[in-house]
Amino acid sequence: MTNICVITGGGSGMGFEAARILGRDNKIILVGRTVEKLDNAINKLKSEGIDAEAYPADTSDRASIKKLVDYASSKGKIKSVIHAAGISPHMASGEKIFDINAVGTININEEFGEVMEEKSCILNVSSMSAYMLPEDRIPKQIYKMGLSNTEMFKGAMAQVLGSVPEDMKPGTAYTISKNFVVWYSVEMALKLGRKGVRVVSISPGTFSTPMGEVEGDQAASFALNGALGRVGEPKEIAKMMAFIVSDEASYLT
């Protein structure tokens, strides 16, 4: 049976570079909201001899993800899911950022977790910003709602964001949503690990991607003040992503 690797946000950046590596041994399904961007990525992958196709979907829409899972399952065995889709503070409102980054992660993990089998892996892409939230500001009681009632979870977080000044909402939503991804990945690792499905999260720093460019000098400053003093290239993290979802990392959660 054909092994399937589903990559959300794979139209560019680190998701696309991971697809170039994983496409050697898997059929690739790239998922995103912008059809033109996906088509360009698919054409590049096919030119390299990779079996790849695009599937337009909105990760924040549960019904859309259910259809994606059904489609991917019809193509073969879902061996890995790299959930790299996300938006940054300069790309949308606080509410929309939270919907895509946090609720989208719930939708991807729960729906794919239902059908994935032993020796498969879900990789959730968080951010270094996840670790910028002070411990006493982490709303873990609200996070727990995300395990059982997504609508209640969204409502509670909307109240939190409602108490934040308007100009701070996007940044706050981004930081909390990415912190949630790390927390949630631990919970899903425990849940899905019982049937042999690994769940891992990574928290990249600043990379030269379209999203990184939107963030501009502020994001770049973190990298320039870091150990290497430069922004990372997507291919520099793609190999790690490909390794994590491979059988070579079969005990990593």
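Below is a table of values for the structure above.
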{"read-out": "Any pair with Cβ under 7 angstrom, 6 or more apart, that starts in region 63-74 at a residue that is under 15 Å from residue 53 (Cα atoms) and of a type outside the set (Lys, Arg) and ends at one that is open to solvent by 10 Å² or more (accessible area, probe 1.4 Å) and part of a helix (DSSP H, G or I)", "value": "69/111; 69/115; 73/115"}
{"read-out": "Residues satisfying the stated conditions in region 34-53, i.e. buried (at least 19 other Cβ atoms within 10 Å of the Cβ), over 17 Å from the mean Cα position of the chain (by Cα) and within 17 Å of residue 71 (Cβ to Cβ)", "value": "42, 52"}
{"read-out": "Given (1) small (Gly, Ala, Ser); (2) more than 30 Å from residue 250 (Cβ to Cβ); (3) in contact (Cβ under 8 Å) with a residue 60 or more places away in the chain; (4) surrounded by fewer than 18 Cβ atoms within 10 Å (Cβ to Cβ), index of the condition residue 173 fails", "value": "(4)"}
{"read-out": "Pick from region 1-16, criterion at pLDDT 95 or above and open to solvent by 40 Å² or more (accessible area, probe 1.4 Å), ranking: farthest from the chain's Cα centre (by Cα)", "value": "2"}
{"read-out": "Region 99-119 residues that are within 18 Å of residue 157 (Cβ to Cβ), paired with ones that are assigned to a helix (DSSP H, G or I) and among the aliphatic types (A, V, I, L, M) (beta carbon under 6 Å, 6 or more apart)", "value": "105/181; 107/65; 109/188"}
{"read-out": "Qualifying residue in region 149-170 (condition: of a type outside the set (A, V, I, L, M, F, W, C), open to solvent by 30 Å² or more (accessible area, probe 1.4 Å) and in contact with a Leu (Cβ under 9 Å, 6 or more places away or on another chain))", "value": "no"}
{"read-out": "Answer from 64, 80 - the residue that is under 17 Å from residue 125 (Cα atoms) and either surrounded by 17 or more Cβ atoms within 10 Å (Cβ to Cβ) or among the hydrophobic types (A, V, I, L, M, F, W, C) (or both)", "value": "80"}
{"read-out": "Of all residues in region 191-208 being surrounded by fewer than 22 Cβ atoms within 10 Å (Cβ to Cβ) and touching a Leu at 6+ places or on another chain (Cβ under 9 Å), the one that is farthest from residue 220 (Cα to Cα)", "value": "191"}
{"read-out": "Which numbered condition residue 115 fails, given (1) modelled with pLDDT of 95 or more; (2) crowded, with 17+ Cβ neighbours inside 10 Å; (3) not hydroxyl-bearing (Ser, Thr, Tyr)", "value": "(2)"}
{"read-out": "Residue among 31, 103 that alone is part of a strand (DSSP E or B), in contact with a Ser or Thr (Cβ under 8 Å, 6 or more places away or on another chain) and open to solvent by less than 70 Å² (accessible area, probe 1.4 Å)", "value": "31"}
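The values are calculated or read from the model by the stated rules, or taken from the named source; none is laboratory data. What you see is a predicted model, and the numbers here were worked out from it, not measured in a lab. Using ideal geometry, Cβ is built from the backbone for each residue, glycine included, and neighbour counts are taken over all protein chains shown. To get the accessible areas, we keep the full protein, side chains included, count just its heavy atoms, and leave off ligands, DNA and RNA. Shrake-Rupley method; radii C 1.70, N 1.55, O 1.52, S 1.80 Å.
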